Amino acid sequence: MLSFLIVDDKENLASELRRLLAELFPGCTIKQPPVHEEIINALDDRPDLIFVRSSIEAGILANLLKKRISEKETSLIPVVLLVDELHHITLFDESIKRDIEGIVTWPLNKYSVESIVRSMIRLNRAESELKARISRDETNGSESAEEIRKYQERHEGIFENTINAIAIYRPQDSGNDFIIVEFNRAAEKIEKVKRGDIVGKRVTEVFPGVIEFGLIEVFRRVLKTGIPERHPVRFYKDSRIVGWRENYVYRLPSDEIVAVYTDETKHKVAEIALMESEERFRQLAEYIQEVFWVVSPDWKEVYYISPAYEKVWGLSCESLYKNPVSWSDSIIKEDRDIVLSYLKEKTKGDVDEIIFPEYRIIHSDFSIHWISARGYPVYNEEGKLYRIVGIAEDVTEKKQSDKAFNAILEGTSWVTGQDFFDKIVRELSIWLDCDVAIIGKVTKNSTIESISIIREGKLSKVYSYPLKNTPCMEVIKKGYFYHPVGLKEHFSEAVQLHDLDITGFVGIRLLNKEEEPIGVLAAMSKDLLILPKRAEDVMKILAARTSAEIERMNTEEKKKQVEALLQQAQKMEAIGTLAGGIAHDFNNILQSIMLNTELAQFENSGNNVVQHRMDEVLKASKRATDLVKQILTFSRQSEIELRPLKISLVIKEALKMLRSSLPSTIEMSSSISTEDDLALADPTQIHQVVMNLCTNAAHAMREKGGTLSVNLEPVFIQPESTSLYPELLPGPYVCMKVSDTGHGIDKNLIDRIFDPFFTTKERGEGTGLGLAVVYGIIKELKGTIRVESEKGMGATFTILLPRIQRPHKTEAAEANPIPHGTETMLLVDDEEGLLVAQKKIFERLGYKVETHSSSTAAFEVFKRDPKRFDIVITDQTMPKMTGAQLAKEFMTIRPDIPIILCTGFSDVISEEEAKAIGIKEFIMKPIVISDIACKVRKILDK
């Protein structure tokens with residue numbers, strides 16, 4: 001069981017040492033006599049280790065050490081000095097210094113205390129063992145040879161198996177050097193040598209660093225005086241081995257020198273690491289801006305205060321050590337009572353975390369500072385409070401920032417839209433005292449376009465600049481970028497910085513809900529830009545609010561666009577319904593005209609004039625048929641049909657139509673090449689493109705007049721030119737240009753003109769869909785569209801469409817005669833006039849024909865004798881039963897009956913659906929007799 005003696009005239013350090021010793025060596029005995037006489041008498045209990053406070057009275061220390069050395073039983077007890085870091089060590093006598101075997105400094109460290117205690121006790125026991133052995137050597141002369149042999153065996157066993165290293169040296173040249181005589185196993189292990197290799201050699205030869213190590217001097221003193229000495233832990237180094245060693249040196253009666261020592265390398269490395277850790281803590285505490293403090297539980301003693309106290313309070317650290325409550329004297333009166341009352345209440349009983357109310361102090365320069373402080377209790381192993389540590393922070397700037405930030409928040413709480421953005425940049429410029437503040441969005445072509453910008457206190461017009469090589473690009477990349485001065489030099493290529501004469505900058509990224517960059521919030525200054533505390537945090541909050549407002553406005557805009565699309569869809573649906581009805585009725589009218597004209601041609605007896613006029617009627621009817629198709633295509637009631645199309649013909653037709661609607665102040669100029677202008681396109685769509693572009697051009701010139709130019713020519717995109725048109729492949733194209741001499745397009749708007757619903761026209765003058773439709777059509781045709789314009793200089797739209805080769809002309813085939821037949825057919829149509837004409841024509845072709853204008857009547861006739869008819873031709877749109885329904889009923893009775901379904905327009909059934917139910921042919925009205933006669937013959941001949 002270990003026992004310790006503590007000699008200390010102050011309680012604070014001793015109480016901590018007692019706690020650590022009790023933790024490290026459970027069951028140990030610890031004594032701390034209060035008065036001089038009891039301290040001296042305590043040596044009689046022969047403690048294993050003595051701790052002495054460095055501030056103890058020199059006389060007490062001298063008497064204690066004198067008694068320790070004078071008595072054989074206590075002479076080897078190690079003495080360790082306790083050093084308070086706030087005091088200097090003063091030892092007046094060299095002999096006293098030699099009697100101090102170790103030092104422990106405040107604040108105490110668990111591992112360092114354990115290391116020094118264990119090493120001191122090990123050496124003490126080794127010394128005692130050696131002394132006992134030497135004593136036995138001196139009295140062995142009278143023992144028998146057998147007893148001597150047994151003793152030598154015990155001696156060798158102890159010598160070889162002790163955990164301490166033991167080396168015996170013989171003086172050489174009157175002590176100038178020493179020869180190695182003995183070296184035990186522990187020493188071999190520590191020094192990594194073999195006894196046989198070193199015995200008989202000089203110590204300076206085997207251990208060349210021993211002189212610098214200081215051990216040779218100890219050997220010489222012990223050889224001369226005979227007084228044992230402890231050589232404290234020192235660092236040994238030579239070319240072969242390094243490490244820390246602690247030696248106890250003793251002289252034998254034969255004048256040989258014995259060194260009992262231990263390898264303290266592991267303990268020392270741990271101790272150094274700990275000391276370095278403590279040093280880093282001290283450096284941290286001394287260099288942080290906050291005030292770090294350690295006080296006693298009753299707040300009457302300050303153990304540590306960091307240098308930041310002098311800056312924050314304006315008072316010296318020494319003044320607080322002398323008067324531990326002086327920190328509270330600086331608190332203004334109305335706050336002091338609150339703080340001290342709170343502190344008094346918190347320190348009653350068990351103490352937990354102490355969160356001081358924020359309070360104000362009067363600095364030594366008479367300025368007012370706001371302080372935020374927290375304290376934390378530290379308990380020992382016994383659960384007793386023995387320290388309170390804490391930190392105090394000067395939050396004056398934070399308070400000011402909060403005040404300014406709250407003003408910004410309050411100022412923007414009740415505004416939205418553009419007013420919100422204007423308010424943000426205005427308040428930001430005031431808070432940061434800067435010349436420019438901007439909220440900018442990132443556009444498609446990598447530019448920053450201002451949503452709101454304030455310059456020198458005034459809101460400015462829309463401002464934009466390229467993003468590349470600018471501080472805003474750094475903001476987009478990093479999220480937050482601050483450059484207090486020298487911005488123009490750092491971003492020398494950013495022309496706008498030179499235009500604005502900017503040198504200081506701070507900016508933060510704006511993100512959408514998907515965490516994608518959508519813009520920046522930035523402030524710029526012509527002078528050094530110094531940010532208040534927490535500026536980045538404040539800007540993060542402002543950026544979040546700004547991003548949310550942009551997102552809200554985008555959502556509103558999308559909602560409006562969806563509503564507009566819905567309205568447009570409803571309009572188109574209504575147009576489609578109207579177009580479908582018109583198409584059905586109009587096709588029936590055309591059908592009647594065409595059938596009767598063809599019937600008249602059959603009956604014409606060779607009058608060429610009449611024949612020519614009837615041909616013209618048929619041509620006009622076919623053009624009317626195409627017109628109906630265009631109406632259906634426009635209303636999306638008919639599929640777009642891409643076919644080889646001469647673009648020049650469509651352009652010329654559109655310009656003829658347009659000419660009559662243009663005012664006389666606008667001249668038209670065209671250069672239309674009719675060669676190599678073939679493209680795979682839909683005529684209705686190309687007509688729509690030309691009309692939209694020309695109408696927009698005319699609108700741009702309506703006030704002052706001008707010239708509208710339309711050009712068409714074939715071009716070839718070479719491989720080396722694809723960089724100009726990266727979306728196109730090399731090859732032949734048709735190039736159409738539409739130019740005007742109107743007011744032109746602002747460069748800030750030119751990237752948006754193809755966006756749906758974007759328009760610069762007044763309300764009611766345009767929907768913003770025209771150019772969007774043009775863009776969609778050209779992209780659908782695998783082409784491209786470009787615009788070139790300057791404000792006041794007009795605009796030119798260039799369209800490129802893939803050109804196809806003109807098909808080879810073949811000799812016109814001779815018109816085949818209309819086929820005849822003798823079969824019986826059933827004609828069903830609710831239009832009596834069409835039935836009469838169709839019956840006469842088919843009868844002239846040799847067929848036997850029965851007609852019915854009622855689908856139900858036709859069904860009854862067919863049901864009575866289904867084998868009678870060879871083919872059925874029926875209209876689709878009829879009352880009571882449609883043609884498709886009638887066909888199903890017929891095929892239920894007779895599955896092999898061939899049926900042809902005719903329709904002027906139907907959104908109920910398509911050609912694919914008709915054939916899927918068994919209908920042989922699906923024909924759109926108006927019907928040309930030669931076409932339907934061929935199809936009838938083809939079906940019957942199968």
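The values are calculated or read from the model by the stated rules, or taken from the named source; none is laboratory data. All values reported here derive from a predicted model rather than from experimental measurement. Please note: Cβ atoms are built from the backbone with ideal geometry, for glycine as well, and neighbour counts cover all protein chains shown. For the accessible areas, the whole protein counts, side chains as well, though only heavy atoms, and no ligand, DNA or RNA atoms are used. Shrake-Rupley method; radii C 1.70, N 1.55, O 1.52, S 1.80 Å.
Of everything in region 251-287 that's of a type in the set (S, T, Y) and modelled with pLDDT of 85 or more, which residue is nearest to the chain's Cα centre (by Cα)? Full working, then the answer.
At the first step, the residues of region 251-287 found to be of a type in the set (S, T, Y) are 254, 261-262, 265, 277, 287.
From what's left, modelled with pLDDT of 85 or more: 254, 261-262.
Values: S254: 81, Y261: 61, T262: 57 Å.
Filtering first and then ranking leaves T262.
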| task | Pick out the one residue from E147, E212 that is over 27 Å from E73 (Cα atoms), open to solvent by 70 Å² or more (accessible area, probe 1.4 Å) and at pLDDT 90 or above. | result | E212
| Residue check, T877 assigned to a loop (DSSP other than H, G, I, E, B), open to solvent by 20 Å² or more (accessible area, probe 1.4 Å) and not aliphatic (A, V, I, L, M) | yes
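Is region 17-29 home to any residue that is exposed (fewer than 14 other Cβ atoms within 10 Å of the Cβ), within 30 Å of R387 (Cα to Cα), out of contact with any Ser or Thr (no Cβ under 9 Å at 6 or more places or on another chain) and not acidic (D, E)? Please lay out each step first, then the result.
First, pick out the residues of region 17-29 that are exposed (fewer than 14 other Cβ atoms within 10 Å of the Cβ): 26-27.
Remaining after also requiring within 30 Å of R387 (Cα to Cα): 26-27.
Checking the rest, the ones that are also out of contact with any Ser or Thr (no Cβ under 9 Å at 6 or more places or on another chain) come to 26-27.
Keeping just the survivors that are not acidic (D, E) gives 26-27.
Yes, region 17-29 contains a residue that is exposed (fewer than 14 other Cβ atoms within 10 Å of the Cβ), within 30 Å of R387 (Cα to Cα), out of contact with any Ser or Thr (no Cβ under 9 Å at 6 or more places or on another chain) and not acidic (D, E).
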| field | For K652: the one exception among (1) at pLDDT below 85; (2) charged (D, E, K, R); (3) not in a loop (DSSP other than H, G, I, E, B) | value | (1)
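I need the full set of residues from region 884-931 which are open to solvent by less than 80 Å² (accessible area, probe 1.4 Å), out of contact with any helix residue (DSSP H, G or I) (no Cβ under 9 Å at 6 or more places or on another chain), at pLDDT below 90 and assigned to a helix (DSSP H, G or I), in order please. It would help to see each step written out before you state the result.
Just the residues of region 884-931 that are open to solvent by less than 80 Å² (accessible area, probe 1.4 Å), to begin with: 884, 886-887, 889-891, 893-894, 897-906, 909-911, 914, 917-919, 921-923, 925-930.
Subset that is out of contact with any helix residue (DSSP H, G or I) (no Cβ under 9 Å at 6 or more places or on another chain): 891, 910-911.
Retained after the next criterion (residues that are at pLDDT below 90): 910-911.
The one that is open to solvent by less than 80 Å² (accessible area, probe 1.4 Å), out of contact with any helix residue (DSSP H, G or I) (no Cβ under 9 Å at 6 or more places or on another chain), at pLDDT below 90 and assigned to a helix (DSSP H, G or I): E911.
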| message | Going through T90, T74 one at a time, which residue ends up being open to solvent by 40 Å² or more (accessible area, probe 1.4 Å), part of a loop (DSSP other than H, G, I, E, B) and either modelled with pLDDT under 60 or touching a helix residue (DSSP H, G or I) at 6+ places or on another chain (Cβ under 8 Å) (or both)? | response | T90
| task | Keeping to region 771-785, report how many residues are touching a residue at least 40 places away in the same chain (Cβ under 8 Å), outside any helix (DSSP H, G or I) and open to solvent by 10 Å² or more (accessible area, probe 1.4 Å). | result | 1
| Residue check, L320 against (1) closer than 26 Å to Y386 by Cβ; (2) surrounded by fewer than 17 Cβ atoms within 10 Å (Cβ to Cβ), all met but one. Which one? | (2)
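Listed residues R53, R122, R68; which is of a type in the set (D, E, K, R) and modelled with pLDDT of 80 or more?
Working: R122 fails: modelled with pLDDT of 80 or more; R68 fails: modelled with pLDDT of 80 or more.
The unique qualifying residue is R53.
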| message | Among the numbered criteria (1) at pLDDT below 90; (2) touching a Phe, Trp or Tyr at 6+ places or on another chain (Cβ under 6 Å); (3) farther than 25 Å from I666 by Cβ, which one does V715 miss? | response | (1)
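Tell me whether region 590-599 contains one or more residues that are modelled with pLDDT under 75 and either of a type in the set (D, E) or more than 30 Å from V415 (Cα to Cα) (or both).
So the first thing to find is which residues in region 590-599 are modelled with pLDDT under 75, and the list is 591.
Checking the rest, the ones that are also either of a type in the set (D, E) or more than 30 Å from V415 (Cα to Cα) (or both) come to 591.
So far as region 590-599 goes, yes, one or more of its residues are modelled with pLDDT under 75 and either of a type in the set (D, E) or more than 30 Å from V415 (Cα to Cα) (or both).
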| Within region 233-242, can you find the residues that are surrounded by 15 or more Cβ atoms within 10 Å (Cβ to Cβ) and touching a residue at least 40 places away in the same chain (Cβ under 8 Å)? | V233
| Tabulated pairs, region 664-678, first touching a residue at least 60 places away in the same chain (Cβ under 8 Å), second part of a loop (DSSP other than H, G, I, E, B), C-beta under 8 angstrom, 6+ apart or interchain | D676/R806; L678/I804; L678/Q805; L678/R806
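What do you reckon, is S450 under 23 Å from I550 (Cβ atoms), surrounded by fewer than 14 Cβ atoms within 10 Å (Cβ to Cβ), hydroxyl-bearing (S, T, Y) and under 25 Å from the mean Cα position of the chain (by Cα)?
Numbers: under 23 Å from I550 (Cβ atoms): yes; surrounded by fewer than 14 Cβ atoms within 10 Å (Cβ to Cβ): no; hydroxyl-bearing (S, T, Y): yes; under 25 Å from the mean Cα position of the chain (by Cα): yes.
No; evaluated as a whole, the condition is false for this residue.
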| said: Going by what's in this entry, would L642 be described as closer than 21 Å to I785 by Cα, open to solvent by 70 Å² or more (accessible area, probe 1.4 Å) and either modelled with pLDDT of 90 or more or in contact with a Lys or Arg (Cβ under 6 Å, 6 or more places away or on another chain) (or both)? | reply: no
| note | For region 188-207, pairs from a residue that is of a type outside the set (F, W, Y) to a residue that is part of a loop (DSSP other than H, G, I, E, B), with Cβ under 7 Å and 6 or more apart or across chains, are E188/K194; E191/I241; K192/I241
| said: Restricting to region 290-317, name every residue that is open to solvent by 40 Å² or more (accessible area, probe 1.4 Å) and modelled with pLDDT of 90 or more. | reply: E310, K311, L315, S316
| query | Do any helices (runs of 4 or more DSSP H) lying entirely in region 471-558 carry at least 2 residues that are at pLDDT below 90, and which ones are they? | reply | 487-490, 495-500
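Only residues that are in a strand (DSSP E or B) and either free of Cβ contacts under 8 Å to residues at least 40 places away in the same chain or under 24 Å from S789 (Cα atoms) (or both): list them for region 679-723, please. Break it down stepwise before answering.
Step one: of region 679-723, the residues in a strand (DSSP E or B) are 679-681, 706-717.
G706, T707, L708, S709, V710, N711, L712, E713, P714, V715, F716, I717, listed by residue number.
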| note | Scanning region 483-493 residue by residue, the ones that are within 15 Å of K526 (Cα to Cα) and either acidic (D, E) or crowded, with 18+ Cβ neighbours inside 10 Å (or both) total 4
